[in-house]
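Single-structure report; data block below.
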Amino acid sequence: MAYGPPPSPGYGQQQNPGQQNPGQPGYGQQPGWQQPPPRTSPMPEHQGPVSHDDKSWALMAYLGQFLVGAIAPVVVFFGKGRSPFVRRHAAQGLNMGLASISVWLVFGLLSLLLEALIWIPLGFTAAVMFFLVYAGRAANRGEFRQVTPFVAWPLLKTRR
């Protein structure tokens, strides 16, 4: 579906001066109303179609964390990071893994002083698992979904 102004009347076609086409300013709109500006993402989208190989590698940056933790996105980042699509997913997966390690180290040690603090890393791990599946599904479809900075700390950034 193409977006933009409607086509102008062609040769030999005339438009009634009192009739307006949908999409033209003033048609069913209040005076002064304008279209909102297009949404832009903070990071540029990948260019061109995404290959099945890239989708698989991007998916492994997330799902591999269920088996080997933060090692999986490191392998993907350095092994297949030439593709901008894979690099963005691997960087986000690695940020999630590093955040998990940090939370477990800090609150694991603090829980030795106060046992109730062990619930914080457990809750954080549940949130990370949810977002691993969320981002992994998007990677499998060839998309990129930004995970909230609360879970994926922006420690490692990709080139623009």
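For a protection proxy built on the mean count of beta-carbon atoms within 10 angstrom, sort 111-122, 79-90, 49-60 highest first, please.
Packing order, densest peptide first, comes out as 79-90, 49-60, 111-122.
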Rg and Dmax [Cα atoms of region 52-140; Å; Rg one decimal, Dmax integer]: 14.3, 49
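Taken together, the values in this text are just the output of simple stated rules run on the coordinates, not laboratory data. Quantities reported herein were computed from a predicted structural model and do not represent experimental measurements. Glycine gets a Cβ as well: all are built from the backbone with ideal geometry, and neighbour counts include every protein chain shown.
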